[in-house]
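First comes the structure, then the notes that go with it.
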């Protein structure tokens, strides 16, 4: 029963629900009609208002939003709410209200439907009430036939269409009648846009694009089209008017400055306005500021820097530059350099960074951009990368005044950041020595301070150890490396310097010129000395005649002393020049030991010209002259006269000895050249005979030999002239015949070679070579004979002088005894005086003879001449006492004379013994081509080694050429080997005398090898074994030579122990270093605050001052 009741209730409720839905559908249809009518009506209202009012944007905005609000309210009321309730959203019509509405439509069920709903409500609370259930069931059955939805008739809504149709028709009619009404709608819809009131002219905006960026300017251009053109036009924006500038009849302009945001504007003139225009101002990418960090290369030792807002930079090469940009409205930063694009890295909001290491100068163009645009303005950075400069070096050089093989270099090195090393390099570029390695580079590192940018250096180069020979050339230069940490150290080298050792020809030519100048100066000095001697004689006469000296006399003496001082200075120059000449000659040329000894003796003789006693005497004369002490002055002037006379004799002797030495040296050199030329001519003869070279080359060599012989002929002529200039010329044989023969043979060989007749040319060459060899031997023999003859003559002369001296000494001794016992007035006194006069004359003769001999014999020391002069001086004083009959004074001076005569006799006796020994040793060896005379100094191992090397070379050439040496050649080689063995033996004896015979090694073994070689040569058994033995001898001699040099160095080191050799810097280099130091001090004053560019300019200026 109850279940059935529930089913009937549900059917009733479903029918009620259908009614409610239809109820809301009816409201929705009616609401739509009302909404449409209301919307069109309100639209017509505001449109008509705008059509006639043509309102501004503000009023149109009010009208627009009023329309929107009104339509929204009507829409909500009549459409939205019914629609929500239709879909059971929100509060809606309940069943009871629905029953009332249904009941009002169906009157017969009005109360039944409501009662049934009420009973159902009670039944829900009393489910077990059967009475209620039955009552409900009955009423439900009565209501079931009734369809509730019929209570609502949807067609009734048609009557409301008139409210929508009326306004709609009016709208259509207005749009037909007034087509411009559409513009009203447009103006209402675009309420925020300005619409101009139609005017009699047209505003035409020329600008095609009204888009711009922040902070930029925009110029608005306007054209007026129409029959009339207004005089004034205004640009109106945000209620502000701006008068435009009239450009022409119909053109206007106005420049908008520094735009910040988007805005609208229109034009206005004579109460007419244009349409609204919009200027779109987009955000501009802006670079606010930036700073830079500079990270310098470590090797320049410069502190890293931070710079703000600096565009152009000058930085050292290899510097890492990092930019930090602060921006606004920037999405990216683009950089372009050398056609390469880069992008800055975004580092946070509106912050970018960019890094680059610069090795070359670059121009960087920076631009900013965002989504709207790219900034038209670009920033340009000029980055000047200062390349690490090449190091600079300059130097001055000077040669040691005492040794041309020592060079001094003072220089200056500069760089921007520092150095790695400084090296001095040299190499031999030319040498006649086959063992010399050409172009082999040698280096010496010079100590510098790497971190000091500017510094001086000093270097002395001793070439003595290089064993430089004549004619050799050495190329040298300095090389400096900087400390470039970017590209690697760079080097700068100086220009090449050349050290050229003079050739033999240059040495001889320079020596010849020096000798000529020295002789000329000595002759001038002798002449001046004679003049001084004459003036001294005049002054002596005045001192004798006058009691007192007047001003003129004193002036004359002062002038004389001045002349004497000038003479002394000139002699000093002569001494130094001669010393320098000998030294230069011996530096690159082997001087014969005998010639060297004579050079040393002449130099000693010249050194004696500068006498300290003479200087002291001059000072005493000056002092006496000032004090006007006539008697003492006369005595000193007499002494000066005597000294002046002695000085003149010394100079005359030095001049004559120099001439003799020059002649002897010239003869030896010429003989050696002739001997060498003979060998060269001999070799050329063999080459011509065997056609070893082309005819042209052979002809060229023959012409060279012809020229060399022409030079020898000139030297022979010079020898004759030098001989004639001697006070006592030597007897010399004429070589004209030999010269002519050699000339003839050389000319004929040249002619045959020009005709390409080598076979015919060779005999002439051979004959010329033989003639040269013969001429050389003859000259050598003549020279030896001449020397021996001269020695014999000098020996006999000296012996005669010594005998005469002894006789005078005996006679003087006899007179001395007689004067002691005779009285002053004894008749025998006059006789004794006459005998003393005779002794004086004899002594004068001895003095003249001895002086003449001393000009030829260098062993006669200067003090011997001085001693004989002292004898004559005491003779003069003896006669003064004889005139005064002063017996004690006579005896006293005679005793002085005796002492001097005895001293002279002893001295001359020693000289005579030495000459006798020399004559004994000077006997020529018939097998020796170059015999030596005199004892000489201890043989040098270097000389022995050089002679052995030369002889080995001669033997090797003979063996190589394959020809059998002649007996004469073998005899000469054997004699040379014997002479070398003798020298080695003498050296060994000298060492044994010194107590250390083995300090140079086993000399005995070397001497035995020489003896075996000598036997092979004498027996004409020159084999490969002989040559091998000779090479072994040379090797051993080299070892002995090294031992000798080491011994000399040890002795030198011992003698100089504890002493540092300090070389004085030449004045020119001292001045150079002084100037460089001044420049460095100025460079130190450059302010560190200056920019690199200004620093560089200051350095350039200061460097120019140094120059």
How many angstrom separate the Cα center of segment 259-314 from the Cα center of segment 612-641? 102 Å
Range of Cα positions in segment 602-711 per principal axis (Å), largest first: 89, 19, 18
Spatial separation of Cα centroids for segment 747-806 and segment 62-81, in angstrom: 151 Å
Computed from the beta carbon distance with a Förster radius of 51 Å, FRET efficiency for residue 728 and residue 946 to the nearest 0.05 stands at 0.90
Once Rh for segment 802-914 is found with the Kirkwood sum over Cα pairs, what is the Stokes-Einstein diffusion coefficient at 25 °C and 0.890 mPa s, in µm²/s? 171 µm²/s
Answer rounded, prolate or oblate for segment 504-668, using the Cα gyration tensor with square roots of eigenvalues a ≥ b ≥ c: rounded when a/c is under 1.5, else prolate when a/b is larger than b/c, else oblate. prolate
Rounded, prolate or oblate: pick one for segment 193-282, where a ≥ b ≥ c are the square roots of the eigenvalues of its C-alpha gyration tensor, a/c under 1.5 means rounded, and failing that, prolate if a/b is larger than b/c, else oblate. prolate
Rounded, prolate or oblate: pick one for segment 388-448, where a ≥ b ≥ c are the square roots of the eigenvalues of its C-alpha gyration tensor, a/c under 1.5 means rounded, and failing that, prolate if a/b is larger than b/c, else oblate. oblate
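Tell me the relative contact order for segment 802-914 as a rounded percent, counting alpha carbon contacts under 8 Å between residues six or more apart. It would help to have the intermediate numbers written out before the result.
Numbers: 93 pairs, mean separation 41.8, N = 113.
Here the relative contact order equals 37 percent.
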With a 10 Å Cβ neighbour count serving as the proxy for reagent exposure, in which order, fewest first, do 688, 503 appear? 503, 688
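Could you please rank 881, 564, placing first whichever residue has the fewest other Cβ atoms within 10 Å of its Cβ?
Listing 881, 564 from fewest to most nearby Cβ atoms yields 881, 564.
How high is the relative contact order of segment 193-282, in percent, counting Cα pairs under 8 Å that sit 6 or more residues apart?
38 percent
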Starting from the Cα-Cα distance between residue 914 and residue 696, subtract it from 0.36 nm times their residue separation and give me the gain in nm to one decimal. 72.8 nm
Listing 707, 30 from the residue with the fewest other Cβ atoms within 10 Å to the one with the most, what is the order? 707, 30
Computed P(r) (all Cα pairs; segment 286-386; 5 Å bins; percent): 3, 13, 24, 25, 17, 11, 5, 2, 1, 0
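Where a number appears in this text, it was derived from the coordinates with a stated rule and is not lab data. The shown structure was predicted, so the numbers you read here are calculated from the model rather than taken from an experiment. Counting neighbours? That spans all protein chains shown, and the Cβs are built from the backbone with ideal geometry, glycine included.
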